[in-house]
Amino acid sequence: MPKVDIQSKLPNLPTTIFTTMSQLANQHKAINLGQGFPDFGMDPQLIDLVEKAMRNGHNQYAHTFGFQGLREVLAQKINTLYGNPIDSETEITITSGGTYAISNALTSVLREGDEVIYFEPCFDSYVPNIKVMGAKPVAISLNFPDYSIPWEKVREKVNPRTRMIMVNSPNNPTGTLLGLQDLEELKNITRGTQIIILSDEVYEHIVFDGEKHHSILAHPELFDRSFVAFSLGKVCHCTGWKIGYTVAPAYLTKEFRNHHQFNVFAVNTPMQVAMAEYLSNPETYLQLPSVFQAKRDYFAREMEGSILKPLPSKGSYFQCFTFPEALGINSRKVALDLVEKIGVALIPVSAFYQDETDHKVLRVCIAKKEETLKEAAKRLLNLQ
């Protein structure tokens, strides 16, 4: 029987590097420092709160906007941290994870022929979700090795077709942060235009060395034209729950919800109810910088003497390392060899560029138990 003839919206799309490396890690029984998820347990209190919510009957559909109690707790958190009195009824939507929060924002506003400026290296979902809407992704490479934004190139790329600029801080995969000067540049470039901002802030609470996360939410001029995406899975060490949220001014939220209601409609109820109670204690997220900085610093100590050299990481789950040419000249091949030969799975940062720009950098996920990091470092120290 002949196949139905379809025209793929995403032709020749390769398997993601995360899937490839995780499969190889399983195959070779390697330590997986590739994909960004914790290998340590979440707070048992949160598990108990989910059971409590289930036993109390919170097992049917939540409101499509999200459980009201959770939206109220998040609005209070935003007001406390960023001085923005968000309206929980009209400006917060609970989503099925941070990746979905990003994709639904793109779906809400992009039309065929629009252009979206984004920065590479970047999280791998950005470009496919731009393309599937018929829009054109416009890549700008961050300056290596500090991964700063070349704002002069942004100004060169902006034109009447520019519909959106995407930013990500703390950044995946580089661990860099946007500074106040970056946000001033963004204000100057978008002022008086019809450009929308999509800010990926899923690692908002994971910042190191006393640095501050400068959220779009703290800058009214930027927020008035922005979707801001967050992940509660990152906050609560439960990435598999797939719960995030999007904050946007009411007029953008309305359009976001128009599409959201026909995609997932609602996010799982008992988890939302449990998180509402759990996050009412600010310490649950305020302690995250020290937790993850301790992991970053522990791994750095264990890696002393390695031929892999760390690049500065100011936040996120990640630390990047450069490697010498003696190890290889192609980052993807080096990463594949490391899985097979020493049993450690890392991600080549070249995979976060559409043209696989290769600065000989590997990304390590530090969101792991100390014993995991210790054993991985022990194996990596054998590299010559």
- Across region 371-384, the tally of residues that are touching an Asp or Glu at 6+ places or on another chain (Cβ under 9 Å) and not aliphatic (A, V, I, L, M) stands at 3
- Task: Can you confirm whether region 171-185 contains a residue that is surrounded by fewer than 21 Cβ atoms within 10 Å (Cβ to Cβ), charged (D, E, K, R) and in a loop (DSSP other than H, G, I, E, B)?
- Result: no
- Note on the structure: Within region 111-132, residues within 28 Å of Y317 (Cβ to Cβ) and assigned to a loop (DSSP other than H, G, I, E, B) come out as P121, C122, F123, D124, S125, V132
- Query: So which residues in region 228-279 are more than 30 Å from V207 (Cβ to Cβ) and either small (G, A, S) or under 15 Å from the mean Cα position of the chain (by Cα) (or both), if there are any at all?
  - Reply: A266
- Task: Determine, yes or no, whether G240 is surrounded by fewer than 20 Cβ atoms within 10 Å (Cβ to Cβ), of a type outside the set (D, E), assigned by TED's automatic domain parsing to the domain that holds Q68 and within 29 Å of L46 (Cα to Cα).
- Result: yes
- Output for Cβ contacts, cut-off 6 Å, separation at least six or different chains, first residue on the phi > 0 side of the Ramachandran plot in region 313-336, second surrounded by 16 or more Cβ atoms within 10 Å (Cβ to Cβ) and in a helix (DSSP H, G or I), reads G328/V334
- Note on the structure: Out of (1) of a type outside the set (A, V, I, L, M, F, W, C); (2) farther than 30 Å from C320 by Cα; (3) in contact (Cβ under 8 Å) with a residue 12 or more places away in the chain, the one K29 does not meet is (2)
- Confirm whether R296 is buried (at least 16 other Cβ atoms within 10 Å of the Cβ), basic (K, R), farther than 29 Å from R225 by Cα and touching a residue at least 40 places away in the same chain (Cβ under 8 Å). yes
- On the given criteria, is V109 β-branched (V, I, T) and touching a Ser or Thr at 6+ places or on another chain (Cβ under 8 Å)? no
- Scanning region 218-275 residue by residue, those assigned to a helix (DSSP H, G or I) and closer than 28 Å to C365 by Cα turn out to be L232, G233, K234, V235, T239, G240, W241, M271, Q272, A274, M275
- Message: Is it the case, given these coordinates, that A376 is touching a strand residue (DSSP E or B) at 6+ places or on another chain (Cβ under 9 Å) and either more than 30 Å from H214 (Cα to Cα) or buried (at least 17 other Cβ atoms within 10 Å of the Cβ) (or both)?
- Response: yes
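Residues are listed down the side, and each one gets a yes or a no for (1) surrounded by fewer than 20 Cβ atoms within 10 Å (Cβ to Cβ); (2) at pLDDT below 95; (3) not hydrophobic (A, V, I, L, M, F, W, C):
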site	(1), (2), (3)
T15	yes, yes, yes
L24	yes, yes, no
Q45	yes, no, yes
G69	yes, no, yes
D87	yes, no, yes
A101	no, no, no
- Message: Going by what's in this entry, would V207 be described as touching a Pro at 6+ places or on another chain (Cβ under 6 Å) and buried (at least 21 other Cβ atoms within 10 Å of the Cβ)?
- Response: yes
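The values are calculated or read from the model by the stated rules, or taken from the named source; none is laboratory data. On a predicted model such as this, the values are computed, not experimentally measured, just so you know. Virtual Cβ from ideal backbone geometry, glycine too; neighbours counted across all protein chains shown.
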